1. In the range C:87-144, what count of residues is obtained for those that are assigned to a helix (DSSP H, G or I), within 8 Å of another protein chain (Cβ to nearest Cβ), open to solvent by 20 Å² or more (accessible area, probe 1.4 Å) and among the charged types (D, E, K, R)?
2. Out of all the residues in the range A:79-93, is one or more part of a helix (DSSP H, G or I) and away from every other protein chain (no Cβ under 14 Å)?
3. Could you check, for the range B:265-278, whether at least one of its residues is buried (at least 24 other Cβ atoms within 10 Å of the Cβ) and farther than 28 Å from B:GLY308 by Cα?
4. Name the residue that is farthest from the chain's Cα centre (by Cα), counting only residues in the range B:1-29 that are open to solvent by 50 Å² or more (accessible area, probe 1.4 Å) and under 19 Å from A:ALA141 (Cβ atoms).
5. Restricted to the range C:19-44, and to residues that are part of a loop (DSSP other than H, G, I, E, B) and open to solvent by 10 Å² or more (accessible area, probe 1.4 Å), which residue is farthest from C:HIS227 (Cα to Cα)?
6. Mind checking which residues of the range A:93-113 are open to solvent by less than 20 Å² (accessible area, probe 1.4 Å) and small (Gly, Ala, Ser)?
7. Please enumerate the residues belonging to the range A:241-256 that are in a helix (DSSP H, G or I) and open to solvent by 10 Å² or more (accessible area, probe 1.4 Å).
8. For the range B:120-158: of the residues being part of a loop (DSSP other than H, G, I, E, B) and within 11 Å of chain A (Cβ to nearest Cβ), which is most open to solvent (accessible area, probe 1.4 Å)?
Amino acid sequence: MKEVIIIESIAKNEKVVEKQNVSEWRKSWRRMRRSPLSMVGLIIVTFVILMAIFAPVVAPYPDDVSGAIHFDRMLEPPSSEHLLGTDEVGRDILSRVLYGARISLMLGFIVLGLSTLIGLPLGLIAGFWGGRINTIIMRIADIFLSVPSLVLAFAVAALFQPTLTTIMIALSFSWWPWVTRLVQGEVLSIKGEQFVQASIGIGASKWRIAFKEILPNCISPIIVKSTLDMGFIILMGASLGFLGLGAEPPTPEWGTMIAEGRAYLPEAWWAATFPGLAILFAVIGFNLLGDGLRDVFDVQMDE
Amino acid sequence: MKEFIIKRVLQMVPVLIGLSILIFFLTRIIPGDAVRLALGPQATEEQIAAMQEKLGLNDSIIIQYFNYMKGLFQGDWGYSLRTSRNVFDDLIATFPATFELTTVALLIAIILGVPLGVISAIRKDKWADQFSRIFGLTGVAMPRFWLGIMLQIVFAYWLSLFPIIGRGDIELTTITGMRLFDSLITLNIPAFIDSLKHIILPAIALSVGAMAQIMRLTRANMLEQLNKDYILASKAYGLPRNTIVYKYMLKNAFTSTLTIIGLTYGFLIGNAFLVEAVFGWPGMAQYGIQAVIYQDFNAIVGITLVIGVVFAVANLIVDILYSYLDPRIKYQ
Amino acid sequence: MAEPLLEVKKLKINFRTEDGIAQVINDINLHVNKEEVIAIVGESGCGKSVTVRSMLGLLSTLPAQFINGDISFEDESLVGLSEKEWQKIRGKKISMIFQDPMTSLNPVFTIGEQLIDVYMLQGKSSSINLPSKKKKELRNKGRERAIEILKKMRIPDPESILDRYPVELSGGMRQRILIALALIHTPQLLLADEPGTALDVSVQDQILQELKRLVAEENVSMVFITHNLGVARMISDRIYVMYAGEVVETAESEELFKDPKHPYTKGLLSSIPKLNGEMGDGIDGRIPDFVDPPQGCRFYDRCPVRMEKCASMRPELIDVKSNHKVACHLFE
């Protein structure tokens, strides 16, 4: 008798979950629209992404992005020809900033992707199987987290040839444990839910439960966290660039540009200032968007 | 309480050992040839081979690791390819500067961040709140090194209020290596003021991010308290508003904020690397950056381990404080 | 008969919600006499909590809109009182026992601290400004009073309880502390919001028996909220049955049980699980939408004996016997 009731409740729960998904999206959108700050974040992020995609088209001096040198216009202040001025070898800063968006965004997405690729399955396994496997995985994550992320990324990047690829790997190195922790926590809290327990009771295969029931519920926290983290990763990438690790010149990476422009302070202030503003702008955008998403999804999770 | 501390310390140990293994093995897999780099282009093959032998690089990795760990506890942290000294000595020389900078930055962040968060929560949606929230938003997003540069431009170059780089110009007797502390103890007031002037800009640049984070969290926690049943109950008992806000709500909110302070300190340490670079602050970060250029692997391991230990100790202190403030911890 | 201690006349309260304005309390009348215990019974969402919170001015003004009617205590109106005036009343003249012992006590302060705070600070505008000697005296008095109250509640070893944190105590003990907090200043009126429902049934039973005894001993009046008619019968002299924001029946407790008139009351009675293990029948359906309430009787949709006029005409509360009123067209 009991089994019949359990099966019914699973079916009902699945139906309820499905129905929620349809109206959920519409409700989420409505709620997002109501918060002006999240909309600002969305606009900024869209703007940055578009900037990155269309850089070759929009940039006034696309050649300046690679190894061009113009001795005749070095370190010119912002003018009508060069809206943000030129740097120490005469390249247009505006164009380089636009291309810099490409690099930072690409860096962010790849690092997040890699971290999730590593961290998600590990977190899923740790949370779901529990026991010793859980302890081992979380301990390993703890080791990677025992040093501040920037320091670890710095150490890893420092030991290999400083290229863009290296810092992407280095940043993923220090970021995946956060994903694992998040996923493991989510899995643990969902594991206790009735319909999962019921599935286990019936004897559904563990893999099926893990993928069909637990995984979908982890997705929204991961999306929220990834958006919030994006800003942070862009900052870290720029920081490493500033320290001389990462993209080699003449790559127009924002952090590297600031480091290069630093030597010409305080007179030629524009070379170091504008890339920094670009970083600030992008990070604020992602943070606002992430906050908005979190408010939206949090409310849902309470429901 | 004592068992709690011992328990936590015991938990720390395997993690730190794991860290040492991780970082050690990483440094031994470097594709680059650090020795060749250090000895310069004129080095002969024999010289390079001799150096490699001296550094134990020809042994198996596992033996190298054990030798290193053995040496670690005896004060021998390996040979720095750059300074030709024991890494340990190098670290002793540079650690206090970084420690002083990060600690001052943390203090600024807490002393300014918490009250700002409380005020922001109390005057929700009024102009003080709006202002703090904008600050919170930009503070978290701002690249520390860029902020440092901006501060340098405005306050050091244009306004000439503060020195541009360095830790201090006036001589003082070194006891702990922390200038502010040492100058106070020896009552060397001119040195104290000079050190203060030198530390202000880098400390502010470093603390802004943490301050914004702490402010936002305190604000959120205070607002969360408003919805708590026990706060409604204290209102129902006729307690005065001041008591409810500054005693009943604040203690809970602060306790929640405390949990991230350990983590925040970690970010401060990480960002110290950037601020030290901008302000020419002679700390561990500078040492580390130089180590990168020279592929000085022993130095990199040393720095990483020191930071790991400091971070772990900071988290431990936070946990102890937290269990002191929040009695629920002991029962979990 | 003397004047009632608390009187609610034609109370109407609306709430502003996402979906519109919800008419949560729709024209209710009730009163409590001195040394009397009344119970308000109804299912979740019927408005009993809202009613009781309005008696202490605890509805936050933003979502709630007080529309009409009067609540008067000792012949003085409670409507439109300032926070300062409310503060003098809360905890002293009218006091509330909260429902959830797990969340209604501040977790980071000791029991003693919380009890003594209520003793010392109730009704004050801010923290006390007294010379420290006087403050200490006051504190000691508070401690004595706290122990006295705990003893009255037959709590063993009250001195050591004062130094405990809520997390160290069982749910039942915490609920008793909540009662103690309400009784410190011997209020004239107690508002009990389903105390003990979060606890085990046997524990709840114990606590309610103690509460009943205390109320009788201290000559306090009480408004007791519950969804359980059996509990209401046990603890109160008179019962008000509420449905969807309206009072549908009221009578003395025994009378209500012997001769329930309203179909909803009858339904409630049949839902109570019997001693022989049979589950109750329950009532099908859900409460109506408060934003768009039905024009006629709010129980129409679920009423097994509804008539045509019930859909369009709202029934008034009328006398069917002495001290027994019903709001139902069946009895007109």
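The values are calculated or read from the model by the stated rules, or taken from the named source; none is laboratory data. None of these values were measured; they are calculated from a predicted model. Every residue, glycine among them, receives a Cβ derived from its backbone with ideal geometry; neighbour counts consider all protein chains shown. Areas reflect the complete protein model, heavy atoms only, side chains present, ligands, DNA and RNA absent. Shrake-Rupley method; radii C 1.70, N 1.55, O 1.52, S 1.80 Å.
1. 1
2. Our first condition is that a residue be part of a helix (DSSP H, G or I); within the range A:79-93, this holds for A:93.
With away from every other protein chain (no Cβ under 14 Å) added as a condition, the list becomes A:93.
Yes, there is a match, as at least one residue in the range A:79-93 is part of a helix (DSSP H, G or I) and away from every other protein chain (no Cβ under 14 Å).
3. Checked against the condition, which is being buried (at least 24 other Cβ atoms within 10 Å of the Cβ) and farther than 28 Å from B:GLY308 by Cα, the range B:265-278 yields no hits at all.
4. B:PHE25
5. In the first step, residues of the range C:19-44 are kept if they are part of a loop (DSSP other than H, G, I, E, B); the result is C:19, C:33-36, C:42-44.
This time we only want the ones that are open to solvent by 10 Å² or more (accessible area, probe 1.4 Å), so: C:19, C:33-36, C:43-44.
Values: C:ASP19: 27, C:ASN33: 22, C:LYS34: 24, C:GLU35: 23, C:GLU36: 20, C:GLU43: 5, C:SER44: 7 Å.
That would be C:ASP19.
6. Listed by number, the residues that qualify are A:SER95, A:GLY100, A:ALA101, A:SER104, A:GLY108.
7. If the condition is that a residue be in a helix (DSSP H, G or I) and open to solvent by 10 Å² or more (accessible area, probe 1.4 Å), then A:PHE242, A:THR256 are the ones that fit.
8. The selected residue is B:MET142.
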